[in-house]
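Trainee: My questions all concern the structure below.
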Amino acid sequence: MKDRQSRCEFIKTGVTVGTGLVLGSMNFSCYTKLMKTKSQASESESPVSEGIDFSKQAYCSWNCDEKECQILRATLSNDLEAKKKIARRWAERFGREFTSEEIFCYGCKVEDKPIAYALEVCTVRKCASKRDVITCAHCDELPTCDNELWTEWPGLKKKAEELRNKLQG
């Protein structure tokens, strides 16, 4: 009986080591980069990868920084004229009036600030948060995703797909 257990352990060990060698010889870095979720990322891991600062990337892959984002810039500088212009565009987009106080955005990933109306209704943000992905570019389902935001803003999906291609190498 003892010999039989030894053989079983020997076979288990051999299979484990063999599998490890086979998998280790394959390049899975692209796969692991794509599949890593926010909760799997270590605290010490840099939010910058491939020259992209994911802490400044919205879920949809929009670059959330003051230089590129008019709403963030207006929020941080409290530019009332810019907020009024945005309020007019949002009124057309969302079918209701907005005050300049309602026009603000600190980014869709910020947890310690209030969330603007546009983010509350953003279907991509809801989906990415639920899936716990860093951006939509990190989601396996992006190529076939038919989220309503992609339909309304096809340029955003293209940007997410371009980011996904960069991540894949």
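Trainee: Taking the residues in the stretch 68-124 that are out of contact with any Pro (no Cβ under 9 Å at 6 or more places or on another chain) and of a type in the set (Phe, Trp, Tyr) as candidates, determine which candidate is nearest to LYS56 (Cα to Cα).
Mentor: The residue in question is TYR117.
Trainee: Only one residue in SER39, SER55, SER61, SER100 is of a type in the set (Gly, Ala, Ser), more than 19 Å from the chain's Cα centre (by Cα) and modelled with pLDDT under 90, so which one is that?
Mentor: After applying the criteria, what remains is SER100.
Trainee: Taking the criterion of being part of a loop (DSSP other than H, G, I, E, B), under 21 Å from VAL110 (Cβ atoms), in contact with a Lys or Arg (Cβ under 6 Å, 6 or more places away or on another chain) and modelled with pLDDT of 90 or more, would at least one residue in the stretch 67-78 satisfy it?
Mentor: No, the conditions are met nowhere in the stretch 67-78.
Trainee: Moving on. Could you check the stretch 114-149 and list, in sequence order, the residues that are part of a helix (DSSP H, G or I), out of contact with any Asp or Glu (no Cβ under 8 Å at 6 or more places or on another chain) and more than 20 Å from PHE54 (Cβ to Cβ)?
Mentor: ALA118, GLU120, THR144, GLU148
Trainee: Is it true that some residue in the stretch 5-23 is at pLDDT 60 or above and in a helix (DSSP H, G or I)?
Mentor: No: the stretch 5-23 contains no residue that is at pLDDT 60 or above and in a helix (DSSP H, G or I).
Trainee: Can I ask one more? Would you check if CYS30 is modelled with pLDDT under 80 and in contact with a Gly (Cβ under 7 Å, 6 or more places away or on another chain)?
Mentor: Against the criterion (modelled with pLDDT under 80 and in contact with a Gly (Cβ under 7 Å, 6 or more places away or on another chain)), CYS30 qualifies.
Trainee: Mind telling me which of the residues THR123, THR75, THR99 ends up being of a type outside the set (A, V, I, L, M, F, W, C) and either buried (at least 18 other Cβ atoms within 10 Å of the Cβ) or in contact with a Phe, Trp or Tyr (Cβ under 8 Å, 6 or more places away or on another chain) (or both)?
Mentor: Exactly one residue qualifies, and that residue is THR75.
Trainee: Of these, ARG88, ARG125, ARG93, which one is out of contact with any Ser or Thr (no Cβ under 7 Å at 6 or more places or on another chain) and modelled with pLDDT under 90?
Mentor: Among ARG88, ARG125, ARG93, only ARG93 is out of contact with any Ser or Thr (no Cβ under 7 Å at 6 or more places or on another chain) and modelled with pLDDT under 90.
Trainee: Answer yes if at least one residue in the stretch 128-147 is of a type in the set (A, V, I, L, M, F, W, C), in contact with a helix residue (DSSP H, G or I) (Cβ under 8 Å, 6 or more places away or on another chain), within 13 Å of ALA58 (Cβ to Cβ) and at pLDDT below 90, and no otherwise.
Mentor: Checked against the condition, which is being of a type in the set (A, V, I, L, M, F, W, C), in contact with a helix residue (DSSP H, G or I) (Cβ under 8 Å, 6 or more places away or on another chain), within 13 Å of ALA58 (Cβ to Cβ) and at pLDDT below 90, the stretch 128-147 yields no hits at all.
Trainee: Has the stretch 142-151 got any residue that is within 23 Å of the chain's Cα centre (by Cα) and in contact (Cβ under 8 Å) with a residue 40 or more places away in the chain?
Mentor: Yes.
Trainee: Being surrounded by fewer than 16 Cβ atoms within 10 Å (Cβ to Cβ) and touching a strand residue (DSSP E or B) at 6+ places or on another chain (Cβ under 6 Å) narrows it down to one of ASP146, ASP140, ASP112, ASP132, so name that one.
Mentor: Going through ASP146, ASP140, ASP112, ASP132 in turn, just one is surrounded by fewer than 16 Cβ atoms within 10 Å (Cβ to Cβ) and touching a strand residue (DSSP E or B) at 6+ places or on another chain (Cβ under 6 Å): ASP132.
The values are calculated or read from the model by the stated rules, or taken from the named source; none is laboratory data. Everything numeric in this text was worked out from a predicted model, so none of it was measured. Using ideal geometry, Cβ is built from the backbone for each residue, glycine included, and neighbour counts are taken over all protein chains shown.
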